[in-house]
Structure formats: structure tokens, C-alpha cells
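Presented below is the structure to which this report refers.
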Amino acid sequence: MTQAPDPGPATTPRRVALVHDWLTGMRGGERALEAICELFPDATRFALLHVPGSVSETIEARPTRTSFIQWLPRSHRHYRLLLPLFPMAVEQFDLDDFDLIISTSHCAVKSVVPPGRTPHLCYCFTPMRYAWDQFDAYFGPDRVGAGVTRMFRWGLSTMARWDVATAGRVNRYVAISQYVAGRIRRYYNRDASVVYPPVDTALFQPSGKPPGAYLLIVSALVPYKRVDLAIRACALAGAPLRIVGSGPELARLRDAAGPSVEFLGSLSDEQVRTAYQDAAAVLLPGIEDFGIVPVEAQACGRPVIALAQGGACETVVDGSTGILVTEPTDTAFAAAIDRVRRDRFDATAIRQHAVRFSRERFQAAFRQQVHQVMREPTERVAP
């Protein structure tokens, strides 16, 4: 991710479209979008829907053009139930007036229709989870009922075919990790460069204080994050657990939690930083495409206990900046918790590792990807 020589103004686009799936809160994808907006402050923003005030001032600095999804009843709260409509919405964006299209996509916007010879760079957070390998986690019968599951299984199988058929609308894929690059290769039969997402290593720094006794999770409370596994592991290890975040799994997780589990809800960045600084370690029991949280925790000098799959294998150094757990079981994570409380981890070395993922390095590497796509032929790749 080193900065390459600037290829010069001939490859600098003047009119840029930034297309994001939806703007409903500041998560990892929106942090990346924010850093890209800093590179292209005059770019026109597009999104399927936008909840005003839900994202940073940098993203909100210019108006966002939305699709008809914006005006459907209760779409801001239940937009995932409208997934079958997303292909139609995405294909109606008018992108005729732009020199470059940048999509930041984990769902549908990688399939926008680029005009003529306008290059399209997709910063891909992941191929669509719902349509490929996590359908049951979101739309299984225990989540939405058997009737809705049958309807969505048909609709999302159709959407998966559309997702593949439109993969050639992208000139250059840039993945957030080697793990995601492998998924792009598997589902789209396309190669992808890798630029790791930005982490605010200036904000997230060590406090210099010794760690506390509690384990920490910072996560959206959704099924694939496997927060339930962390709750059981901490119970086995006799370790207190604090959980930062909100989501549809909250009620179920509260029912499963004992008195040593504290739900903190959504916190400000500064409050999350303090939670990292005071924790014994941060838990990552699910498979992440990259995982911003482990890097933020390491930027604060705290070790991470993560499942040895997905993006964590690229951000956590086993035995040095944390522990990679080879089995997704309560007992394996409980053993790792005992180990992290027993062993010494060098907070300075952990911090130095995290700086590799700074915002400045992301922007330098991403700018180079833009220069390269502007130099390349813009013929579309057949699916």
C-alpha cells in the first residue's frame, strides 16, 4: 500500500460519481466512503436511500441523489426487505455526465450502468452476502417465517443471477482484503486488486493505562457476527463482557446473556476508544470480510481474539497482536480468553502493526487505483 508516483493530471477525472448502497449510519463502509469523499470533495453522491444526518458531515457536504426506494413506505427502517427491487433502482441512476464512476458496494450498486467509455471502479466490500452464502442468516424461517423465506429464496436466487450477469459493468475491482478478492474471483470470475480500508489511527491510540478485566465486542448485532458465541465463551471463562452496538439480534442476545454481560448500545467514537483502551482484549467471533474493529482495537494497543478465518487472518498476527482461534466453538474461544489474560502482549508493537492501515495509506493507495483505471481501456468485460 505504498504511494506510487503520481501519473499526472492527464489521468485526473473532473466529474466523479460516488455510488453507495445506502446511507443509514456510519459503519466500516461509510468510513471508507468518507475517505474517498475527501479525495473527491466535489463528487456527486448517489445511494439507493439516504437517511439525512445519519452519516458524517464529509459525506453530507453535498446532496445525495437517491432512487425510488427513498420514497417507499418505511424503507428507511426495513430496506433489506426491498432487496428484490434493488436491481431496477440501481439501473435507473443517470450517470451520463461523469468522467469516472466509483461504486462502494456490498450489495447492488456495483451493477450501475456506466455510459459509453466512462470507466467504473468498484471498491468492493464483499459480493452480496444475502444472495450468495448468508441467506439463512438474514432470511431463514426462524428469522422471517417460512412463507417469507420461500418468497425471498426465489427472489434472491434471481438476484444472484443478475449479480453475476452484471459483473462485467465494472472495469476494475478493488477489494478490501485478500479474502474478498477470493470471493470476487469465485463469484464473478474477475481478478481484484486489494486496498485495505482506512482506520482512524489518529483517533484510536493507547491510553498508557494497564488493561481492565473485561472482554469487549464492538459490532452490529446481526446473526453472522456470532455475538452469541462470545457470550457463551465468556461465561465458560468466567470473564465479564461488554457489548457495544445495536441491531435486530439485541433482544435474543439479552435473553441469552448472564449478569456479567453488559450491553452499552451505540456509543460515540470517543466512547468506543475508551472502551478499547480499558479492555483486556477485543473479541471477533464471526467471519469478517476485513474487520475495522480489530484494527481499531490494535491501534489502541489492545490484543484481539479472532476466528482464524476471513479478513482477521490479514489484520491479526497470532501470538503477537492477538490470538487466532482455529475453531468457532465456545471452548476454543474460552481457552483463548484464558490465554490472553495470562500472557503479556506488547501494546507498542500492537499499535505499530495497526498503523499499516492508516487513513493516509488508504488514500494514497486508492488514488493510485483511480489513476490506473483512468489509463486503462474501458471496454466492458463479458460476464
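The values are calculated or read from the model by the stated rules, or taken from the named source; none is laboratory data. A quick note: this is a predicted structure, and the numbers were derived from the prediction, not measured. Neighbour counts are summed over all protein chains in view; Cβ atoms, including those assigned to glycine, are modelled from backbone coordinates with ideal geometry.
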| For segment 324-339, what are the residues that are of a type in the set (D, E, K, R) and touching a strand residue (DSSP E or B) at 6+ places or on another chain (Cβ under 8 Å)? | 339
| Out of the residues in segment 48-100 that are among the aliphatic types (A, V, I, L, M) and in contact with a Gly (Cβ under 9 Å, 6 or more places away or on another chain), which is nearest to residue 267 (Cα to Cα)? | 55
| said: For residue 28, only one of the following conditions fails: (1) over 22 Å from residue 93 (Cβ atoms); (2) modelled with pLDDT of 95 or more. What is its number? | reply: (2)
| message | For segment 277-333, give me each residue that is in a strand (DSSP E or B) and not aliphatic (A, V, I, L, M). | response | 318, 322
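Of the residues 98, 86, which is assigned to a loop (DSSP other than H, G, I, E, B) and aromatic (Phe, Trp, Tyr)?
Values: 86 fails: assigned to a loop (DSSP other than H, G, I, E, B).
None of the others qualify; the one that does is 98.
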| query | When only residues in segment 89-107 that are under 24 Å from the mean Cα position of the chain (by Cα) and at pLDDT below 95 count, which is surrounded by the fewest Cβ atoms within 10 Å (Cβ to Cβ)? | reply | 106
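Return the residue satisfying two criteria in turn: it lies in segment 69-88 and is among the charged types (D, E, K, R) and on the phi < 0 side of the Ramachandran plot, and of such residues it is surrounded by the fewest Cβ atoms within 10 Å (Cβ to Cβ).
Within segment 69-88, the subset among the charged types (D, E, K, R) is 74, 77, 80.
Pick out the ones that are also on the phi < 0 side of the Ramachandran plot and you get 77, 80.
Working: 77: 10, 80: 14.
This residue is 77.
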| said: Go through (1) modelled with pLDDT of 95 or more; (2) in the same structural domain as residue 289 (by TED's automatic domain parsing); (3) within 23 Å of the chain's Cα centre (by Cα) for residue 193 and report which single condition fails. | reply: (2)
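Pick out, from segment 153-259, the helices (runs of 4 or more DSSP H) lying fully within it that include 1 or more residues that are of a type in the set (Lys, Arg) and surrounded by 15 or more Cβ atoms within 10 Å (Cβ to Cβ).
Values: elements: 178-188, 227-237, 250-256.
Helices (runs of 4 or more DSSP H) meeting the threshold: 178-188, 227-237.
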| task | Could you list, in sequence order, all residues of segment 203-218 that are at pLDDT 95 or above and either touching a Lys or Arg at 6+ places or on another chain (Cβ under 7 Å) or over 29 Å from residue 231 (Cα atoms) (or both)? | result | 203, 204, 206, 214, 216
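Do we find a residue being among the aromatic types (Phe, Trp, Tyr), closer than 19 Å to residue 233 by Cβ and part of a helix (DSSP H, G or I) anywhere in segment 343-351?
Initially, segment 343-351 is screened for residues among the aromatic types (Phe, Trp, Tyr), giving 345.
Still in the list and also closer than 19 Å to residue 233 by Cβ: 345.
Subset that is part of a helix (DSSP H, G or I): none.
Within segment 343-351 (the criterion being among the aromatic types (Phe, Trp, Tyr), closer than 19 Å to residue 233 by Cβ and part of a helix (DSSP H, G or I)), the answer is no, since none of the residues qualifies.
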| Some residue of segment 334-353 being in contact (Cβ under 8 Å) with a residue 60 or more places away in the chain and in contact with a Lys or Arg (Cβ under 6 Å, 6 or more places away or on another chain) | no
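Any residue that is under 18 Å from residue 243 (Cβ atoms) and of a type in the set (D, E, K, R) - is there at least one of those in segment 363-370?
Keep residues of segment 363-370 that are under 18 Å from residue 243 (Cβ atoms), which gives none.
No, every residue in segment 363-370 fails to be under 18 Å from residue 243 (Cβ atoms) and of a type in the set (D, E, K, R).
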| query | Being touching an Asp or Glu at 6+ places or on another chain (Cβ under 6 Å), under 20 Å from residue 179 (Cβ atoms) and not charged (D, E, K, R), is that true of even one residue in segment 264-287? | reply | no
